[in-house]
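The values are calculated or read from the model by the stated rules, or taken from the named source; none is laboratory data. Predicted model only: the values in this text are computed from it and were never measured. Virtual Cβ from ideal backbone geometry, glycine too; neighbours counted across all protein chains shown.
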Amino acid sequence: MADPLDRPATVVELDAVVPPEFNGRRVDWVATQLFDKRERDDGPVVSRSELTRWIREGLLSLDGRAVKPKTAVAAGQRIRLRAERLPRFDWRAAEELAFRVVYEDSGILVVDKPAGLVVHPGAGNPRGTLVNGLLRHRPALAELPRAGLMQRLDKDTSGLMVVGGNESSLRRLVEDMQARRIDRRYLALVEGTVEADRRIDLAIGRDRRNRLRQSVRSDGRAAVTHVAVKRRFGAHTLVEARLETGRTHQIRVHMATVGHPLVGDSRYGARGLVPPNGTEADSQLVRQFPRQALHAYRLALTHPGNGERMAFESDLPEDMQCLLRALQAH
């Protein structure tokens, strides 16, 4: 079997005519505006950082002539960019990892991520992530941004995620996510009794005192979570949380802010409440639950290739089922 690193680079070609409203602007700024639009139409998926790098490398031409980034353009001129893109990931980073592929075809993959699996490589997690596992499962994903992933789950959150299988599908999935056409629902066990269904509309931003946390902030990004009560227990509630937006730690922050932190979520103020009159074993299980009790159980989307509406569901993982049994016993 050939070394996958021997796979040749792919060629990215972008071509556009300068519109009247951009007359006199810098060519690098104009190219970024025009080719970002191409992401939403028919061209390849290109990141802003890639564009910037290629322009600095002199790969941009104006009416067939190489130009510097600060060159002014005139309406009607043609901007072209031709660049070679190496695989975005080192294919040797592919690893056999434990996650379940719920569905796949050429356009999409739907995976069920277990708790404890980091999604993207980063500081402290260069290997052993879902990206590494996806590269092993489908090596061609190395050519896509984030290996086709267009959403994120926290390391200790389990459940369903959708992955774009090619550039066209990834682009349409991103559009659908931004337009809120992808339905994402979670099951969460929270502390306290949630009295009624509610809509939580509180902007979220990075916590000013702790960069590992998010918090409700007036200057944060809009964040909306729809909460529905599924079952109440003595000192806990099972809720369904439907995301209207997708901010970092959104459900965890929103539920903690309204007084119902997730079981096991010490970062956001879980108090370790135990079931009233519970046995010592059940109380210890609840008190020492090692992660936030959050599972992405339902995902509904329109297939980016054939337009079919599809829905997927994932059973609660065993650790959350044990938690439920402990609460139901009391």
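Within region 51-73, residues that are polar (S, T, N, Q) sit with their Cβ atoms under 7 Å from residues that are assigned to a loop (DSSP other than H, G, I, E, B), at 6+ positions apart or across chains, in these pairs: 61/67.
So which residues in region 138-164 are at pLDDT 95 or above and either not charged (D, E, K, R) or not assigned by TED's automatic domain parsing to the domain that holds residue 302 (or both)? If the condition is that a residue be at pLDDT 95 or above and either not charged (D, E, K, R) or not assigned by TED's automatic domain parsing to the domain that holds residue 302 (or both), then 157, 158, 159, 160, 161, 162, 163, 164 are the ones that fit. Residues being outside any strand (DSSP E or B) and over 16 Å from residue 193 (Cα atoms): count how many of those fall in region 229-251. The number of residues fulfilling the criteria is 8.
Restricting to region 268-314, name every residue that is in a helix (DSSP H, G or I) and more than 19 Å from residue 243 (Cβ to Cβ). Within region 268-314, 280, 281, 282, 283, 284, 285, 286, 287 qualify.
The residues of region 218-232 that are crowded, with 16+ Cβ neighbours inside 10 Å and either of a type in the set (Ser, Thr, Tyr) or at pLDDT below 95 (or both), listed by number, are 220, 225. Taking each residue of region 11-27 that is in a strand (DSSP E or B) and looking for partners that are of a type in the set (Gly, Ala, Ser) with beta-carbon atoms closer than 7 Å, six or more apart or interchain, yields 12/83; 14/43; 17/76; 26/72. The set of residues in region 111-138 being surrounded by fewer than 16 Cβ atoms within 10 Å (Cβ to Cβ) and in a helix (DSSP H, G or I) consists of 136 alone. Scanning region 157-199 for residues that are aliphatic (A, V, I, L, M), within 23 Å of residue 301 (Cα to Cα) and assigned to a strand (DSSP E or B) turns up 160, 161, 162, 163, 187, 188. Is it fair to say residue 182 is over 22 Å from residue 147 (Cα atoms), assigned by TED's automatic domain parsing to the domain that holds residue 249, in contact (Cβ under 8 Å) with a residue 24 or more places away in the chain and among the hydrophobic types (A, V, I, L, M, F, W, C)? So residue 182 fails the test. Scanning region 155-171 for residues that are at negative phi and surrounded by 20 or more Cβ atoms within 10 Å (Cβ to Cβ) yields a total of 11.
Across region 170-213, which residue is farthest from residue 292 (Cα to Cα) among those that are touching a Gly at 6+ places or on another chain (Cβ under 8 Å), modelled with pLDDT of 95 or more and not hydrophobic (A, V, I, L, M, F, W, C)? Restricting to residues being touching a Gly at 6+ places or on another chain (Cβ under 8 Å), modelled with pLDDT of 95 or more and not hydrophobic (A, V, I, L, M, F, W, C), the top hit is 184.
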